[in-house]
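The values are calculated or read from the model by the stated rules, or taken from the named source; none is laboratory data. All values reported here derive from a predicted model rather than from experimental measurement. Because the Cβ atoms are built from the backbone with ideal geometry, glycine has one as well, and the counts that use them run over all protein chains shown.
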Amino acid sequence: MFPVRSGICALLVISFSAQAEISEQEGKEACAKVPQYARNGEQAYKAKNYAKAYDAFADQVIWSESCGLGDTALATAYNNIALTLIRQKEYRQAQAWLKLMPNDPKSVYNLGLIKDKLAALPKFTSLTGEYWQYAGGTAWNTLTLKAGKTADEYQADYMGYYFGLMGAWMGPNTGEFSAPVRLKQGKGVIAVRDGAIANCDIALSVTPDVAELKTDQPEECGFGHNVDANGEFVRIK
């Protein structure tokens, strides 16, 4: 259930020596810790300490991504996090993790395990809620829609992330906005305005299950470097 890979340093594909802050040796040492993160997570999982297991598996994910360990290692790490969420009955969040690599045999199996659980959950009937898009480094770009004063008015709150090559050490770049939006048949434009900092329009198309954002000039939104608000988001609550 929680495979641990050996020989991780040999699989390192990112040259940390290209980064002035981190030496190649430091990079290899960091990547060599991935199997221990997996073992720590497995131990906590078996002890039914799922919050602690999640944290350990999150380290497994972050460093598996940063060290370029490949699809099999990533699918294992994503599935490990999903299993902790399943145990905590967070089935929609677990599904979001499993659908990052849906064709991996582990993902297929675990998606099958929660199929009935997901079907039994109440259906979303309004547009208000939280929508997720994976940003890497265990972070999810998050769009939250809240009801406004009238039936077609909403408040859109967004938090976005970008993980660069140094993201595992330095953390992500971030960007956010909070703005009203009027929706007609699930479509509208979020006008992000904040004086000289932000001046952009973000197209929003949303159903009770999926949201899509599109902006052609994210740099005009005042976001951090390489942060944007584009693509599909899945509803998780």
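Within the range 114-122, is there a residue that is surrounded by 15 or more Cβ atoms within 10 Å (Cβ to Cβ), among the hydrophobic types (A, V, I, L, M, F, W, C) and over 16 Å from the mean Cα position of the chain (by Cα)?
yes
Here is a list: 111, 145, 98, 121. Which entry is at pLDDT 95 or above and within 17 Å of residue 64 (Cα to Cα)?
Answer to the check: 98.
Whether any residue in the range 185-198 is surrounded by 15 or more Cβ atoms within 10 Å (Cβ to Cβ), in the same structural domain as residue 140 (by TED's automatic domain parsing), touching a helix residue (DSSP H, G or I) at 6+ places or on another chain (Cβ under 9 Å) and within 27 Å of residue 95 (Cα to Cα) is what I want to check.
For the range 185-198, residues surrounded by 15 or more Cβ atoms within 10 Å (Cβ to Cβ), in the same structural domain as residue 140 (by TED's automatic domain parsing), touching a helix residue (DSSP H, G or I) at 6+ places or on another chain (Cβ under 9 Å) and within 27 Å of residue 95 (Cα to Cα): absent.
Could you check residue 226 against (1) in contact with a Ser or Thr (Cβ under 9 Å, 6 or more places away or on another chain); (2) on the phi > 0 side of the Ramachandran plot and say which number it fails?
Failing condition for residue 226: (1).
Surrounded by fewer than 20 Cβ atoms within 10 Å (Cβ to Cβ) and over 21 Å from residue 236 (Cα atoms): does that describe residue 152?
yes
What is the number of the single condition among (1) in contact with a helix residue (DSSP H, G or I) (Cβ under 8 Å, 6 or more places away or on another chain); (2) at pLDDT below 95; (3) assigned to a strand (DSSP E or B) that residue 165 does not meet?
Of (1) in contact with a helix residue (DSSP H, G or I) (Cβ under 8 Å, 6 or more places away or on another chain); (2) at pLDDT below 95; (3) assigned to a strand (DSSP E or B), only one is false for residue 165: (3).
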